[in-house]
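Read the structure below first, then the notes.
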Amino acid sequence: MDSVREGESIGEAVSWRVEGMDCASCVAKVESALQRLPGVSGVVVNLVAERLTLRLSPGGADAATVERSLASIGYTATPLTAVANPSARVDRPGDHGGTQRDDHHHDDHSHEQGETHGGFGHSHADHDDPADAAKPWYATGKARLVWLLGGLVVGAYALSLVLPDRLTYPLFLAATLVALVPFGRRAIALARAGTPFSIETLMVTAAVGASVIGAAEEAAVVVLLFALGELLENVAAGRARAGIKALATLMPRTALRVRPDGSTEETPSDRLAVGDLVLVRPGDRVPCDGTIREGQSALDESPVTGESVPVSRGPGENVVAGSINADGALRVQVTRSATDNTIARIIRMVEEATASRAPTQRFIERFSNWWTPGAMIVSLLVILVPPFLLGWDWWTSVYRGLAVLLIACPCALVISVPAAMASGLSAGARRGLLIKGGAALEEIGTARTVAFDKTGTLTEGRPKVTDILPVQGMTEVDVLTLAAGAEQGSSHPLAKAVLAEAEARGVAAPQVSEQAAVPGKAVTATVNGRKVSVGSPRHAAEVGASLGQLAEAVARLEGEGKTAVVVVADGAPAGVLALRDEPRGDAVAGVAALSRLGIRSVMLTGDNARTGAAIAKGLGLDVKAELLPDDKLREIGALRSSGSVVMVGDGINDAPALAAASVGVAMGGGTDVALETADAAVLKDRVTGVSELVSLSRATMANVKTNVAIAVGLKAVFLVTTLIGVTGLWPAILADTGATVLVTLNALRLLGWRPSEVPGTHHA
């Protein structure tokens, strides 16, 4: 692995689209073949994206050699853009949604690049040319092979009903040979490329052996079932891949670009440049990430974030590509190019995530490395030992040994984990739950504790006016008018909250002059002819404004974790404003959902203990307050000592804690942060999304366990029945093909995952 890493910084980075890969063993075959070529390093194969990226050192293999090597093992490679430095991007022509940046590596990926795989796998004997991608499944090269073999086998069987065996036997033999020619050629090529124990080798050996001992009928059925299984796997892989590619359909193909003279022109959305102005009409999909310059409208962001409630947006606010404009015309200025907008980055992140391997998957792959050669030894022992110890005749021992050889194929076992992981990652992405790799997806479900940051995560991240207490003779509007007047022009968060409340209540802007600030204490101004100050209770006392009966109310408000602000007019208190960063609307439901899943929630905040305790009490979780960044790290370390910990933060201030946790989840920091930080992200910006992540993880791992049980269970059953003579060759291959199809179909069920379908998940 170290040698691979050292070589990654040397040579030219080149990418191909590789046709025909439909499971994890395909990835292993490609990696094993290419890592043996001179001058090739940094091999990264992405099954879902159908993309191969590697580095070619001067004096070693060139691009043509790589393509010939892939062709020899049955894969068609189409060159993509070659880049000369590691920070450049590798783009698929015409597909901005599939852009992959070479500089965007995760630790999991670095680990995988140097990991080699043993020789396991299954056939891709007639991998179709790129034109097959646009064909229906029944018209591809694999399908044509199945139709040909099926016709030969069915025809031979029909004739065997009326003709003697000596005349129909050659037909079964012909069917076997039709399949063995391409499969055998691939088996030899794979062995030369470093994959000697492929299923091609096992199947060819078994079919040839069966023909030699006079069981050509069964050999023909074996190769037919094998080819049929390959076709079904290919169809299933295409459906799983389509689950991610469907994200690209969220982008409209065209956009209305606004010319300098105000007229519009229709232009492809992938040609929009940063700074362009586009018109988004009611009912249109937003064609770019951008900022609203003119117009007000409700935007349905559910296709991107999973949030079902339309969000009101106006001038100065950001919009994301793929969202739907509900009712008003908008003029939006493009802030990100098509290859770097939200949809493109989601697709890229999901593709990268499916390329990384979970711990369970790595274990299964290592296990498979030993399984296949071990099973071949067992098969040889079944052939050689029973005639001497159990009195079997040689025909019986050879026949049963060949059947054991077919059972040895680990296809179903190897595909059981990545198929489920890919489906789980795709299902999450469709619902605004982004997870950066199988390792994180696996870890989230094991969490014992979820640690939340407070500001911007459990709370809205901005204070709001919660109470207005006027003195006798004043009204709430009077107090708010004075406070808003004094706060005009201030950028302080509390000032913004006061001004927002005044705007929400329709309070008219008063006449203001002589604005000033008392640093750290108050702001002053002349509002409608009155000398006004807005500041802390301590400042009010310092200027001689006795709170009187308001003092008790101030103490009560501060006990609730609120910030009390006293409005003083002409030296006397006019009233008190209470402000607080209020919990998100679904925070209580989110914490309760985690509790029902058996997970403890704790809030880690740098805020004062009184405010932290007040927020935590209302949400029903534990709290650790007044924590500096180093303190948060220590708390995460202490929590990890008792089990897996998920840290949920805004992705900016909490970066160290997010990195220290078992899994870091970014939420509340905006789409950019959610996509680029932590191990997972909740795009819908809802606390309930955390419990949905846990539920998705548990559903995925339950699917994995079911798949492994199917794969191993069927093989165990047929191994026993084969050894005692109940089943033979074609049931053995049917068991393997059937198990592979079953685990793939079971994994595809996850594409329909819904949070509401998982017990214990609650939506606010």
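To the nearest 0.05, what FRET efficiency results for Ala553 and Gln511 with a Förster distance of 30 Å applied to their C-beta separation?
Details: r = 30 Å, r/R0 = 0.99.
Taking R0 as 30 Å, the efficiency between Ala553 and Gln511 is 0.50.
Kindly sort Tyr75, Tyr399 by accessible area of their heavy atoms, largest first, with the probe set to 1.4 Å.
On the way: Tyr75 5, Tyr399 25 Å².
The most accessible residue leads, giving Tyr399, Tyr75.
Measuring only protein heavy atoms, the 1.4 Å probe finds Arg698 accessible over about 90 Å². Once backbone amide H atoms are built at 1.01 Å from N, Asp581 has Lys464 as its partners under 5 Å, excluding neighbours fewer than 5 places away on the same chain. Under 18 Å from a point 7 Å along the Cα-to-Cβ line of Lys531: which residues of segment 458-487 have their amide N that close? What the label zone holds, given the 18 Å backbone N cut-off, is 482-483, 486-487. A simple spin-label model places pseudo-atoms 7 Å from Cα toward Cβ; at Glu294 and Arg281 they are separated by 1.6 nm.
Is the shape of segment 441-537 best called rounded, prolate or oblate, per the rule: a/c under 1.5 gives rounded, else a/b larger than b/c gives prolate, else oblate, with a ≥ b ≥ c the square roots of the Cα gyration tensor eigenvalues? Don't skip to the end; give the middle numbers.
Details: a/c = 3.13, a/b = 2.52, b/c = 1.24.
Prolate is the answer for segment 441-537, as a/c is 1.5 or above and a/b outweighs b/c.
For the set Lys531, Lys624, Lys684, Lys617, the ranking by accessible area, highest first and with no ligand, DNA or RNA atoms included, is Lys617, Lys531, Lys624, Lys684 under a 1.4 Å probe. When the square roots of the Cα gyration tensor eigenvalues are ordered a ≥ b ≥ c, the ratio a/c for segment 561-600 is 1.5 or more and a/b exceeds b/c, which makes its shape prolate.
Solvent exposure of Ser595, expressed as accessible area, is near 80 Å², computed with a probe of 1.4 Å over the protein chains only.
Where a ≥ b ≥ c are the square roots of the eigenvalues of the C-alpha gyration tensor, would you call segment 581-658 rounded, which needs a/c under 1.5, or, failing that, prolate if a/b is larger than b/c, or oblate? Oblate is the answer for segment 581-658, as a/c is 1.5 or above yet b/c matches or exceeds a/b.
Cα-Cα over 27 Å: which of Lys454/Lys521; Lys632/Lys705; Lys436/Lys705; Lys464/Lys624; Lys142/Lys436; Lys454/Lys705?
On the way: Lys454/Lys521 25 Å; Lys632/Lys705 35 Å; Lys436/Lys705 21 Å; Lys464/Lys624 23 Å; Lys142/Lys436 33 Å; Lys454/Lys705 36 Å.
Violating the 27 Å limit, Cα to Cα: Lys632/Lys705; Lys142/Lys436; Lys454/Lys705.
The values are calculated or read from the model by the stated rules, or taken from the named source; none is laboratory data. Remember, it's a predicted structure, so these values are computed and weren't measured experimentally. Note: ideal-geometry Cβ built from the backbone for every residue, glycine included; neighbour counts use all protein chains shown. Accessible surface is based on the protein model in full, side chains and every heavy atom, while ligands, DNA and RNA are left aside. Shrake-Rupley method; radii C 1.70, N 1.55, O 1.52, S 1.80 Å.
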